[in-house]
Each structure stands twice: as C-alpha cells, then as structure tokens.
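Rule-based calculations on the coordinates, nothing more; no lab input. Values in this document were obtained by computation on a predicted structure and should not be read as measured data. So basically every Cβ, Gly included, is an ideal-geometry build from the backbone, and we count neighbours across all protein chains shown.
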Amino acid sequence: MNDEIDPAWGSATLGVRAAEPRTGEREHSAALHLTSSFVFDSAAQAAAVFTGQEPGNIYSRFTNPTVHAFERRLAAMEGADSCVATASGMAAIMSMLLALLKAGDHLVASRTLFGSTINLLNNVFSRFGVSATYVDPADIGAWSAAIRPNTKLLFVETPNNPLTDIADIRALADVAHAAGALLAVDNCFLTPVLQKPLRLGADLVIHSATKYLDGQGRCVGGAVVGDAEHVGKDVFGFMRTAGPCMSPFNAWVFLKGLETLGLRMRAHCEAALKLAQWLREQPAIARVYYPGLPDHPQHELAKRQQRGFGGIVAFEVKGGREAAWKMIDAVKMISITANLGDTRTTITHPASTTHGRISAEARQAAGIGESLIRVAVGLEDIEDIIADLARGLDA
Ligand SMILES: *Cc1c(COP(=O)(O)O)cnc(C)c1O
C-alpha cells in the first residue's frame, strides 16, 4: 500500500494518486480483493487484531482493502480524516442518522431533499422518535427559526435538486454550531472536485457514489465523510455492527471512477453552461435555472463556494405538463430516466417522477411546477445534446 498522500495536491491528483492500494505483486492499477474474510498467523494474532491492539483486516463487512482504498481516496479529496463506504447513498444517510441520533432528537433539512431521503425521515425515522422540519435551503433565517432545543443535525443538499438553489454552507455551519448541532451536506451534485463542504465548516459529507463518483452508471454505492470521532468511530462502529457495507467490487469500480472525476466534472460543467445559455435564447422556454448564469439568485455565492457550477440544468417550458411531456417524448438520443451523473445525458419531469410522491402543496412550496424539466448533462458532444433538445422544442 502506497500511503503517501500530499494534502496539498489538487482534487484531480488526489483522485488519481491518493491511497494507491498496491500489494506485494507491485501491480500499477488497483488490485481487487474479493474476499469475505482474512486469515491470521496464530490465535494470539487473531485476538490482537480483533481487539484492535494490532492493525489488520478481519471481515469485509468492515475491513476490506479495496473498500478501504476507496474510503481513503475519497476522504483525501474531501479533506477529511475519515470515510465509511456504504451500500448506497441512502445507506450512507441511514447510517449517519442511526449512528449520530437517538429517539427524541430533531433535525432541520432542506425541503427539496432527494425524495427517498424525505421518505426515510418521514416514514422510517419518525417511527423511532426522530422528527424533521423542512425549510427553504437558501433562506438562512428559516434554518435558524426552525432550531429547537433538541435539534442535533442540519442536513442540506446544495445545489438542490432540481432548481439548483444554493445554500450558504459557511452560514449554515455557524447556525448549526451555535445550536450545538452538526451540519451534514449531501455533496452528490458537485463532488469534492467542485465543492469541499468540510473546508466551509460542515461536519459531515454524504455521497451517493452511484452518481458522479462512478460517473458511468454501473454501480450503486455511497459514503459518509467527516472527522475521526463522528465518522471514524461512530459511523464506523455502526457499520461494523449493522453492516450496510459497500461490496469490494463496487469499491474497485468507484476507485477507478475517482481517477477520471476531475476531468469529467470539468466537462459536465462546460457543457451544462453552454446548454443553459442556449436554452435561455429559446422563445419556447420560460425560465432557465443554472447557477452559472449571472442572473441566478445565488450566482455570486456559487462562485465563492464552488469551483464550478455543476452538470444539472433545469428549465420551464411554456405550456405546463403537456408541453413538458411533449418535449421529453420528442428527444431521440437523450435518455428519459431520473438518474444523473452518468456519461449519458438524462431528461426528467420532476413533478411526476422524482418529486411525484411528495404532496402537491410541498411541491408548489418548493417551486417544482408542471412545466419544469431537469437535464443532467452527460459527456456527449454538446452540439448533439442541443440538437436533440431542439427537436423537442420544435415538437
Ligand atoms: C441519488 C441520490 C441519493 C441516494 O443515493 P443512492 O445511491 O441512489 O441510494 C442521495 N442524495 C442525492 C442528492 C441523490 O441524487
């Protein structure tokens, strides 16, 4: 194992070089350790490893070298001490909540969180006495006002899906810490290449590795990133006991995904900006949401807190659901799917898919109308993406 990580390296270098898991065979590309368990030299050594007196691998639910290499590489990219890889992004959120909260605790979250996250809080955690209040992510006053004596966690996605509102991470960290609570940021949309929440004062970072970290639509996985106490001890301890762990095979795929992350994120950003600028000139488009446009309400904040504007563009067509569906049905190349962070450009109607399960009032409060379309810009030539959408506009 090459343990040399220079924290001064840039994100792309860390993605390629951090935590290279080299075995005695001296392979250049990472080895894949597909094994459920590990052997010991003696009963005494087994006992020493089990009690933590001696370092070593025990069982792949909580110690696997390939999974560990992915964890160390992602932690290095986020500028963190610790990372625990999980079976999915949802498993990461569940593990964080179960490791850090108890019955009677309250959390404040942005109201347009990923749909499954809202369901997890409202339908699962509510049964165990953990309650949640939802607020407008960009309204710092609303976060402060929602704090209660038992508030233990603030949880935000920024940019948020699908309207790309930006929350001020530094200001939210101050609100959380003044209340004795922690701030967790779901960094799925930007990845550490474009945003490092821990450097802005956040305590925990959540990833769905399924999205940009893999970036090629192959595997489901996730991660919780943070300090040695909350993540290295609490979340790791939960993982060791409860087991929603990442498979070594998926970790190997994600490890290779991180090697191209810097390059891919730059390409996603560049194409998304071109698409947003083109959409704005189309008479059939009523409004475009992209933080890279100078008239985006948090454009200045995005410039300050991010190193790029991301690959997600949302827009409203003139004419409601019928017009939106017509446009989606007219595309020939772009994939109609709710996924994002793939090489393939995807197109989604949030009001009837990703946000279809939340109440009409909540949807309206979040500004997700029937005419809204979300495009996650992939890595095809931007001219071809625009030509495909133009076909939809003609329809
Ligand atoms: C996809 C997604 C998740 C959940 O991740 P899975 O890997 O699908 O479980 C969480 N947060 C955001 C912002 C996502 O886009």
Checklist entry - Which residue fluctuates the most in the chain, going by a Gaussian network model with Cα springs under 10 Å, if the choices are Phe189, Phe249, Phe70? => result Phe249
Item to check | Cα-based reach from Lys196 at 21 Å (exclusive), listing lysines while leaving out same-chain residues under 8 positions away | outcome: Lys211, Lys256, Lys303
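Could you line up Phe315, Phe38, Phe114 from fewest to most neighbouring Cβ atoms inside 10 Å? Walk me through the intermediate numbers first.
Working: Phe315 25, Phe38 16, Phe114 22.
The order, fewest Cβ neighbours first, is Phe38, Phe114, Phe315.
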Checklist entry - Setting aside same-chain residues fewer than 8 positions from Lys318, which lysines have a Cα under 27 Å from its Cα? => result Lys274, Lys326, Lys332
Checklist entry - About the Cα centre of the range 1-57, what is the dipole size in debye to 20, counting +1 per Lys and Arg Cβ and -1 per Asp and Glu Cβ, all else neutral? => result 120 debye
Checklist outcome for this item: Given the candidates Leu154, Thr354, Ala302, the one whose Cα lies deepest towards the positive end of the charge dipole of the chain, counting +1 at each Lys or Arg C-beta and -1 at each Asp or Glu C-beta, is Thr354
Item to check | Karplus 3J(HN,Hα) series, Hz, for the range 21-32 with 6.51 cos²θ - 1.76 cosθ + 1.60 (x for Gly, Pro) | outcome: x, 8, 8, x, 6, 6, 5, 8, 8, 3, 6, 10
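Of Thr337, Thr164, how do they rank once you tally other Cβ atoms within 10 Å and put the fewest first? The partial results should precede the final answer.
Details: Thr337 14, Thr164 27.
Fewest to most other Cβ atoms nearby, the residues stand as Thr337, Thr164.
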Checklist entry - How far is helix 169-178 tilted off the main Cα axis of the chain, in degrees rounded to 10, range 0 to 90? => result 60 degrees
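Could you tell me which of rounded, prolate or oblate describes the range 80-205, using a ≥ b ≥ c as the square roots of the eigenvalues of the alpha-carbon gyration tensor, with rounded for a/c under 1.5 and, failing that, prolate when a/b is larger than b/c and oblate otherwise? Walk me through the numbers on the way to the answer.
Details: a/c = 1.30, a/b = 1.10, b/c = 1.18.
Since a/c stays below 1.5, the shape of the range 80-205 is classed as rounded.
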Item to check | Cα gyration tensor category, rounded, prolate or oblate, for the range 166-236 with a/c compared to 1.5 | outcome: oblate
Checklist entry - Most fluctuating residue of Thr151, Thr241, Thr210 in a GNM of the chain with Cα springs under 10 Å: which is it? => result Thr241
Next on the checklist: Under the rule a/c < 1.5 gives rounded, and otherwise a/b versus b/c splits prolate from oblate, where does the range 11-259 land using the Cα gyration tensor?
Outcome noted: prolate
Next on the checklist: Of the candidates Ile147, Ile206, Ile312, which one comes out as most mobile in a Gaussian network treatment of the chain with C-alpha springs shorter than 10 Å?
Outcome noted: Ile147
Item to check | J(HN,Hα) series, the range 94-100, from Karplus relation 6.51 cos²θ - 1.76 cosθ + 1.60, nearest Hz, glycine and proline x | outcome: 4, 5, 4, 5, 5, 6, 10
